[in-house]
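Structure record follows, encoded as structure tokens.
The values are calculated or read from the model by the stated rules, or taken from the named source; none is laboratory data. The structure displayed is predicted, hence computed values, not measured ones. Reconstructed Cβ throughout: ideal geometry from the backbone, glycine too, with neighbour counts over all protein chains shown.
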Amino acid sequence: MLLRASGAGDLEALRAFIARCTPETLYRRFHGTGPRAIDRELVRIASPADEHRSWVVIDGGEVRGTASLARSRSGATEMAVLVEDRWFRRGIGRALIGALMAHADRAGLETVTASIQADNERAVRFIRAVAPRASIRFVGGAELEVQLPVAAAASGLVAAASLTREAA
């Protein structure tokens, strides 16, 4: 498996990746938005910009996971991660968060945030496992806000040994 920065050539593979994800997984990642909004996000993932960076994990020519860092309108830096269902628990999410945090650390960021649905126990367990110093708080509307301290997360995360990283 290869972890690398995303690019324009990834769009069709990202669309195929989304087609392989279950509706539940897509609901958890995109918080219930429809197909058009998901496709807009895929275009954004495949189009790096100063305010938005994404990474993909590729295996056998197929995208198996993706993660993004983006500046929000409020100025916060938000992250989002999606791993194909059949590839859960293989270190892909951990490696993607490691890439995000390493980039955030190099960029001098102090904190990265994420929004998780309050009933998404799998995501909460994952965050607690990969970033024990993250703070998680209920913000209303059935959402949790996660704040990950970049320096602590970047130094504590180690990519899975089976993933090869391409320079970002």
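If you check L11, L3 for being of a type outside the set (G, A, S), in contact with a strand residue (DSSP E or B) (Cβ under 7 Å, 6 or more places away or on another chain), at pLDDT 95 or above and surrounded by 11 or more Cβ atoms within 10 Å (Cβ to Cβ), only one passes: L3.
Filter the range 14-55 down to the residues that are among the aromatic types (F, W, Y) and touching a strand residue (DSSP E or B) at 6+ places or on another chain (Cβ under 6 Å), then identify the one that is farthest from G98 (Cα to Cα).
Narrowing the range 14-55 to residues among the aromatic types (F, W, Y): 17, 27, 30, 55.
Next, only the ones that are touching a strand residue (DSSP E or B) at 6+ places or on another chain (Cβ under 6 Å) stay: 17, 55.
On the way: F17: 21, W55: 11 Å.
Ranking the candidates gives F17 first.
In the range 140-166, which residues are β-branched (V, I, T) and modelled with pLDDT of 90 or more? If the condition is that a residue be β-branched (V, I, T) and modelled with pLDDT of 90 or more, then V146, V150 are the ones that fit. From the list L26, L69, which one is surrounded by 16 or more Cβ atoms within 10 Å (Cβ to Cβ), in contact with an Asp or Glu (Cβ under 8 Å, 6 or more places away or on another chain) and either in a strand (DSSP E or B) or among the aliphatic types (A, V, I, L, M) (or both)? Only one candidate qualifies: L69. Only a single item in (1) surrounded by fewer than 17 Cβ atoms within 10 Å (Cβ to Cβ); (2) in contact with a strand residue (DSSP E or B) (Cβ under 8 Å, 6 or more places away or on another chain); (3) at pLDDT 90 or above; (4) of a type in the set (D, E) is not met by E84, and it is number (1).
The rows are residues; the columns are (1) within 25 Å of A76 (Cβ to Cβ); (2) in contact (Cβ under 8 Å) with a residue 24 or more places away in the chain.
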residue: L2; (1), (2): no, yes
residue: S6; (1), (2): yes, yes
residue: A16; (1), (2): no, yes
residue: P23; (1), (2): no, no
residue: R29; (1), (2): yes, yes
residue: P35; (1), (2): no, no
residue: V43; (1), (2): yes, yes
residue: S54; (1), (2): yes, yes
residue: G61; (1), (2): no, yes
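Is it true that A118 is out of contact with any strand residue (DSSP E or B) (no Cβ under 6 Å at 6 or more places or on another chain) and of a type outside the set (D, E)?
On the way: out of contact with any strand residue (DSSP E or B) (no Cβ under 6 Å at 6 or more places or on another chain): no; of a type outside the set (D, E): yes.
No, not satisfied.
In this entry, R137 is excluded by the filter for residues that are modelled with pLDDT of 90 or more, on the phi < 0 side of the Ramachandran plot and not in a strand (DSSP E or B).
Taking into account only those residues within the range 99-134 that are basic (K, R) and assigned to a helix (DSSP H, G or I), which is farthest from the chain's Cα centre (by Cα)?
Pass one, the range 99-134, residues basic (K, R): 106, 122, 125, 128, 133.
After this cut, where a residue has to be assigned to a helix (DSSP H, G or I) as well, the list is 106, 122, 125, 128.
Details: R106: 17, R122: 14, R125: 15, R128: 15 Å.
Among those residues, the one meeting the criterion is R106.
Is it true that I116 is at pLDDT 90 or above, surrounded by 11 or more Cβ atoms within 10 Å (Cβ to Cβ) and within 19 Å of Y27 (Cα to Cα)? First the steps, then the outcome.
Values: at pLDDT 90 or above: yes; surrounded by 11 or more Cβ atoms within 10 Å (Cβ to Cβ): yes; within 19 Å of Y27 (Cα to Cα): yes.
Spelling it out, I116 is indeed at pLDDT 90 or above, surrounded by 11 or more Cβ atoms within 10 Å (Cβ to Cβ) and within 19 Å of Y27 (Cα to Cα).
Just one of (1) without any contact (Cβ under 8 Å) to a residue 40 or more places away in the chain; (2) among the small types (G, A, S); (3) surrounded by fewer than 23 Cβ atoms within 10 Å (Cβ to Cβ); (4) under 18 Å from D10 (Cα atoms) fails for G108. It is (4).
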